[in-house]
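The values are calculated or read from the model by the stated rules, or taken from the named source; none is laboratory data. Since the model is a prediction, treat every value here as computed from it, not as a measurement. Glycine gets a Cβ as well: all are built from the backbone with ideal geometry, and neighbour counts include every protein chain shown. Heavy atoms of the whole protein, side chains included, go into the accessibility calculation; ligands, DNA and RNA do not. Shrake-Rupley method; radii C 1.70, N 1.55, O 1.52, S 1.80 Å.
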Amino acid sequence: MPIYYPGILEEKSAPKTLTYVEKDVMLYALGIGFGDDPMNDTELAFVYEKDLKVVPSAATVLHASVGRPQMAGSRAGHRLSSIDYTKLVHGEQKTELHRPLPTSGSFTTVTRTIGAFDKGAGKGALIVNETIWTDAAGEKVATLTGTLFARGDGGFGGPTEGAPQPHAVPDRTPDNTVEFTTRPGQALLYRLNGDRNPLHSDPEVARRAGFDRPILHGLCTYGITCRAVLQEIIDYDPTRILSHQVRFSSPVLPGDTIAVDLWRDGNVVSFEARAKERGVTVVKNGKTVLKS
């Protein structure tokens, strides 16, 4: 089925109950590299139940949905849109926290499509989805916004302009640069958070997709950039982060050293990330907003 515009903007998922426990929080932190030094008391707080802290970017996997979930139309006779998942790329991700994430809890989530932009036949489409977490009282806890690049679905007649504009990083030398060396088997650990796409675990699947080896999950790289902000800017205080967003530009290979360049301007931290050995920028237009 093709994309039907503007009908796609009327689509949303049924409410879903989301429940996670402390183990899920700790597994996520281990997956993005916390705990590599078990004697580091500061990082231990993210992987040990004693005085446990939650990495803000964990919301992306505690929710455990990267692509479009099962959507429903808003009226009788509504034509549901579809995209070619074999040509789908995760383009951008933003997490906005309306309050700090607890170490465990149950919430209700609803996902809806809030944008669809046509790059033209043969050039793909941008689909923007929004997922909102609410608590038992109906209060917002988190808002996740993800942009998907549907490479095989252009030419559906939607708007060509108006897509979210990327954050511009400062045109000056970074204020900080921090490096994290990923482990060769890091994707095999990270996938236990819920993303079992064999592109990240099966060498044959990776080769068919054009890679020499399985690649690291984009959301793992996303988490590593959040870790950089925690470490370099806010002394590991996750309650300071109000939002964290990136634009993915190239895959990371497990074993790469990720160098994160950071710029601090008031309560805004801008950042980009590079695979150091290969000289490839893997994240662009990063932005973290901090509580004043």
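Brief remarks on what is shown
- Tabulated pairs, the stretch 117-133, first within 15 Å of Gly7 (Cβ to Cβ), second open to solvent by less than 20 Å² (accessible area, probe 1.4 Å) and hydrophobic (A, V, I, L, M, F, W, C), C-beta under 6 angstrom, 6+ apart or interchain: Asp118/Ala125; Ala125/Ala150; Ile127/Ala116; Ile127/Leu148; Ile127/Ala150
- Scanning the stretch 146-193 for residues that are free of Cβ contacts under 8 Å to residues at least 60 places away in the same chain and closer than 19 Å to Val268 by Cα returns Gln165, Asp171, Thr173.
- Of all residues in the stretch 10-24, those that are closer than 17 Å to Ala59 by Cβ and open to solvent by 70 Å² or more (accessible area, probe 1.4 Å) have Cβ atoms under 8 Å from Cβ atoms of residues that are at pLDDT below 95 and not in a strand (DSSP E or B), 6 or more apart or on another chain, in Lys16/Pro69.
- So Arg151, is it of a type outside the set (Gly, Ala, Ser) and in contact with a Gly (Cβ under 6 Å, 6 or more places away or on another chain): yes
This table checks each residue for (1) open to solvent by less than 10 Å² (accessible area, probe 1.4 Å); (2) under 25 Å from Phe149 (Cβ atoms).
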site	(1), (2)
Asp212	no, yes
Ala228	yes, yes
Leu242	no, no
Gln245	no, yes
